[in-house]
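Please treat every number below as a calculation from the coordinates, not as lab data. Given the structure is predicted, the values throughout are model-derived calculations rather than measurements. Note that we place each Cβ from the backbone using ideal geometry, even for glycine, and neighbour counts take in every protein chain shown.
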Amino acid sequence: MSFHTNREPIASVQGVITPLSKAMVPALDRGFLFADAVYEVLRTYKGRPFLAKGHYRRLERSLATLRIKGVDVEGLKKRIQAVLRDGGFDEALVYIQISRGVAPRTHGFPEGIKPFEFFYVADYVDLTAPLRETGVTVSLQPDRRWGRCDTKTTNLLGNVLAYQDARDQGAYEAILYKEDGTITEMTRTSFFAVKDNIIWTHPSGPRILPSITKDLVFEICEKIGQPIRSQAIPLKDLMEFDEMFMAGTTSEIIPIIGVDGKPVGKGTIGPVTMALRNGFMDHLNHWLGHPDDEIEGDFSD
């Protein structure tokens, strides 16, 4: 994926609009010092944030888990909508980050500080589109992340290292596994595997992120009659599965055709993955064709 165009992204720092290159975060911001912050990423199609209601609900859950109070989420939605509208953004990425605030460095929660709000909007160039047609190869990597992956915080070092290890091995992404021998998810996306026409994916809980796109996959499966189960996949049985794919906000649905040099199934994109991909596009196109439809969180007034 890429966010690089001739136009500079537009940022908002505590409500002040500025080019992203001029956006400044104080050195004593707790997000910078402690990763004491949460974030969200939304993708827009034709200027409309997709699955926005789910993303903002998750943002509110993350804030509540970290006990970051005093965030005006409704105002944040309107500020983002204004940047999208005034900037004339079409295909775009919205990155949101909210920290506990700015205060002298101490581990305890400082009293009397306000949350620090930062977001930016950037034109989005979808370089993953060809990969959805060809599939990708991935690598297995240990899951060394902290114990509350269900909270979308900026504490992403475990993800970063696993992702880079996979890239160093020539893979597109990493499938993460725990010491107990179970697959969790991927560094930036949810993971799914297919066996005997049934999709398997890790159940919800502290080990994985509550993915908004994953929720949509379940919705599509129900609509098309595709069996899917929330069940952890044993690492030892992984290569016995017929198909694999990943899903995420910017990735949509990308087939996985190889793991550490071994083919997945026949080494080609399987029929269940294709059905889910088609279902995703049908859902997206229906939503795009109904601009007044609020089912996906059109938060305009």
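Of everything in segment 15-35, what is part of a strand (DSSP E or B) and within 17 Å of Gly87 (Cβ to Cβ)? Give them in sequence order. So that I can check it myself, show each step before the final result.
Step one: filter segment 15-35 for residues part of a strand (DSSP E or B), giving 16-19, 29.
Answer for segment 15-35, where residues must be part of a strand (DSSP E or B) and within 17 Å of Gly87 (Cβ to Cβ): Val16, Ile17, Thr18, Pro19.
Inspect segment 273-285 for any residue being charged (D, E, K, R), buried (at least 18 other Cβ atoms within 10 Å of the Cβ), touching a Gly at 6+ places or on another chain (Cβ under 7 Å) and not in a loop (DSSP other than H, G, I, E, B) and give the result as yes or no. Break it down into steps so the answer makes sense when it comes.
If we filter segment 273-285 for residues that are charged (D, E, K, R), which is where we start, we get 277, 282.
Narrowing the set further to residues that are buried (at least 18 other Cβ atoms within 10 Å of the Cβ) leaves 277.
Restricting the remaining residues to those that are touching a Gly at 6+ places or on another chain (Cβ under 7 Å) gives none.
No, segment 273-285 has no match at all.
Looking only at segment 129-167, filter to residues that are acidic (Asp, Glu) and touching a Leu at 6+ places or on another chain (Cβ under 7 Å); which one of those is farthest from Ala275 (Cα to Cα)?
Taking the candidates together, the pick is Asp143.
Give me a count of the residues in segment 214-233 that are out of contact with any His (no Cβ under 9 Å at 6 or more places or on another chain) and either free of Cβ contacts under 8 Å to residues at least 40 places away in the same chain or aliphatic (A, V, I, L, M) (or both).
So the count comes out to 9.
What is the number of the single condition among (1) surrounded by fewer than 14 Cβ atoms within 10 Å (Cβ to Cβ); (2) on the phi > 0 side of the Ramachandran plot that Gly101 does not meet?
With respect to (1) surrounded by fewer than 14 Cβ atoms within 10 Å (Cβ to Cβ); (2) on the phi > 0 side of the Ramachandran plot, Gly101 is out only on (1).
State yes or no: is Val38 touching a helix residue (DSSP H, G or I) at 6+ places or on another chain (Cβ under 6 Å) and in a loop (DSSP other than H, G, I, E, B)?
Values: touching a helix residue (DSSP H, G or I) at 6+ places or on another chain (Cβ under 6 Å): yes; in a loop (DSSP other than H, G, I, E, B): no.
Spelling it out, it is not the case that Val38 is touching a helix residue (DSSP H, G or I) at 6+ places or on another chain (Cβ under 6 Å) and in a loop (DSSP other than H, G, I, E, B).
Under the condition of being of a type outside the set (A, V, I, L, M, F, W, C) and surrounded by fewer than 21 Cβ atoms within 10 Å (Cβ to Cβ), which residue from segment 250-266 is nearest to Glu40 (Cα to Cα)? Don't jump to the end; show me each part of the working.
Initial filter on segment 250-266 (of a type outside the set (A, V, I, L, M, F, W, C)): 250-252, 255, 258, 260-263, 265-266.
Still in the running and surrounded by fewer than 21 Cβ atoms within 10 Å (Cβ to Cβ): 250, 258, 260-263, 265-266.
Numbers: Thr250: 12, Gly258: 30, Asp260: 30, Gly261: 33, Lys262: 34, Pro263: 33, Gly265: 34, Lys266: 36 Å.
Per the criteria, the residue is Thr250.
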